[in-house]
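Report on the structure given below.
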Amino acid sequence: MKRISFYLLFFASFIFTQAMAQVDSSEGELEKELLNQEQSGSTKPKPQYVMSTFKATHIVNAQTVESLGQGILDFRISHRFGQVSQGAQNFFGLDDATTRIALDYGIKNWLMVGLGHSTLYSEDDGFVKVRLFRQRESGGMPITLSYLLSTSIHTGPPTIIVPADETYYFSNRLYFTNQLLIARKFNQWLSLQFMPTIVHYNLIDSSKNSNNVIALGVGGRIKLSNRMALTGEWFYVVPGTQSMDNTHNSLSLGIDIETGGHVFQLHFTNSTGMTERTFIAETTDSWAQGQLHFGFNISRVFTIAKPKEFKNSRNQIW
């Protein structure tokens, strides 16, 4: 466990040092450019931001730093099937399915909200994602930083045993997630993201477990062509902060296929849940034991209201 923690810290340090190196190398050029502008009397140009760190608002289960453009609506359907190892008897897991349907909307280019419903635990969820900083092409901010706040409501029967003399309050059904999304696009084919996360449970089953699950996530995208990319994400739950027994770290590997207004994501994962608390804190299957699930996400975006300044723009992810 200590070795895994070391690798995660090394990964975060690598992103930070590489980002700082770019700032240092471009600082002199930026100063020269500003000096030339002052001497020539020209106005300061608008900053050039990095585009398409990721091609979608999700890697597999996890959110990315990307936000929908203002006035863009994203209709998402996600499926996670049963275990592939069940074989032909269960059609390699295709006879079982967990589904999530969601609507996400870009209020501003930096502000995005969403609502969804999952068949797993009959769970309703919602989120707000705010982009705080954005990576620039040269000089200035070397990373993109977003903040995610999500909440979910378990509307089905209680998953824990509630004594007959105790009341199962509505607040006991609530779960909250706070997450920082720190990403950098290193070049045209490689993007990496670091995701420190806290998942809060209002009610847990045992005093030996924790109400606050602390996890460190890493994810990335490797571009294969203009329309295809390899993706992956992994969440490491800090020992001693688990909310339930017999859980495993979530690992998902997939491929993105972009076709016009659609982004089709195919993947294998050991998680059946698709909300932050279910796939980060409640993954009970393991890659080591061959307990894999095939799944897909399909996204279709619609322009509801596009600002005049973006009238001729075809970008839907900002």
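Of all the listed residues (235, 268), the sole one being in a strand (DSSP E or B) and surrounded by fewer than 22 Cβ atoms within 10 Å (Cβ to Cβ) is 268.
Among the residues of region 177-193, is any in contact with a strand residue (DSSP E or B) (Cβ under 8 Å, 6 or more places away or on another chain), assigned to a loop (DSSP other than H, G, I, E, B) and either open to solvent by less than 40 Å² (accessible area, probe 1.4 Å) or at positive phi (or both)? Among the residues of region 177-193, not one is in contact with a strand residue (DSSP E or B) (Cβ under 8 Å, 6 or more places away or on another chain), assigned to a loop (DSSP other than H, G, I, E, B) and either open to solvent by less than 40 Å² (accessible area, probe 1.4 Å) or at positive phi (or both), which makes the answer no.
Checked against (1) assigned to a strand (DSSP E or B); (2) surrounded by 16 or more Cβ atoms within 10 Å (Cβ to Cβ), residue 196 passes all but a single condition, namely (2).
For region 163-176, what are the residues that are surrounded by 14 or more Cβ atoms within 10 Å (Cβ to Cβ) and outside any strand (DSSP E or B)? Quick ask: steps written out before the conclusion?
Applying the first criterion (surrounded by 14 or more Cβ atoms within 10 Å (Cβ to Cβ)) to region 163-176 yields 172-176.
Within region 163-176, 172, 173 qualify.
Looking across region 180-213, the residues that are of a type outside the set (A, V, I, L, M, F, W, C) and in contact (Cβ under 8 Å) with a residue 40 or more places away in the chain come down to 184, 185, 191, 193, 197, 201, 205.
Scanning region 210-226 for residues being open to solvent by 30 Å² or more (accessible area, probe 1.4 Å) and in a loop (DSSP other than H, G, I, E, B) gives a total of 4.
Here residue 249 qualifies as in a loop (DSSP other than H, G, I, E, B) and within 18 Å of residue 59 (Cβ to Cβ). Kindly indicate whether residue 291 is assigned to a loop (DSSP other than H, G, I, E, B), in contact (Cβ under 8 Å) with a residue 40 or more places away in the chain and surrounded by 15 or more Cβ atoms within 10 Å (Cβ to Cβ). Considered against the rule, which asks whether it is assigned to a loop (DSSP other than H, G, I, E, B), in contact (Cβ under 8 Å) with a residue 40 or more places away in the chain and surrounded by 15 or more Cβ atoms within 10 Å (Cβ to Cβ), residue 291 comes out as yes.
In this entry, residue 253 passes the filter for residues that are open to solvent by 60 Å² or more (accessible area, probe 1.4 Å), under 24 Å from residue 117 (Cα atoms) and at pLDDT 95 or above. Count of region 130-140 residues, restricted to those that are open to solvent by 50 Å² or more (accessible area, probe 1.4 Å), in a strand (DSSP E or B) and in contact (Cβ under 8 Å) with a residue 60 or more places away in the chain, is 1. For region 166-173, the count of residues that are in contact with a strand residue (DSSP E or B) (Cβ under 6 Å, 6 or more places away or on another chain) and of a type in the set (A, V, I, L, M, F, W, C) is zero. Residue 102 passes every criterion in (1) part of a strand (DSSP E or B); (2) closer than 30 Å to residue 206 by Cα; (3) without any contact (Cβ under 8 Å) to a residue 60 or more places away in the chain apart from (2). From the list 198, 182, 107, the lone residue that is more than 15 Å from residue 62 (Cα to Cα) and out of contact with any Lys or Arg (no Cβ under 6 Å at 6 or more places or on another chain) is 107. When we screen 160, 153, 143 for residues that are exposed (fewer than 14 other Cβ atoms within 10 Å of the Cβ) and of a type in the set (A, V, I, L, M, F, W, C), the only hit is 160.
Count of region 73-98 residues, restricted to those that are surrounded by 14 or more Cβ atoms within 10 Å (Cβ to Cβ) and in a strand (DSSP E or B), is 11. Identify all residues within region 118-129 that are in a strand (DSSP E or B) and either buried (at least 16 other Cβ atoms within 10 Å of the Cβ) or at pLDDT below 95 (or both); write none if there are none. Scanning region 118-129 gives 118, 123, 124, 125, 127, 129.
Of all the listed residues (247, 259), the sole one being of a type outside the set (A, V, I, L, M, F, W, C), within 26 Å of residue 177 (Cα to Cα) and more than 14 Å from the chain's Cα centre (by Cα) is 247. Right, residue 178: farther than 25 Å from residue 243 by Cα and either at pLDDT 90 or above or touching a Gly at 6+ places or on another chain (Cβ under 7 Å) (or both) or not? In short, no.
The values are calculated or read from the model by the stated rules, or taken from the named source; none is laboratory data. Only a predicted model underlies this, so the values are computations on that prediction, with no experimental measurement involved. Every residue, glycine as well, gets a Cβ built from its backbone with ideal geometry; the counts of neighbours run over all protein chains shown. Protein only, heavy atoms only, side chains kept; ligands, DNA and RNA dropped before computing areas. Shrake-Rupley method; radii C 1.70, N 1.55, O 1.52, S 1.80 Å.
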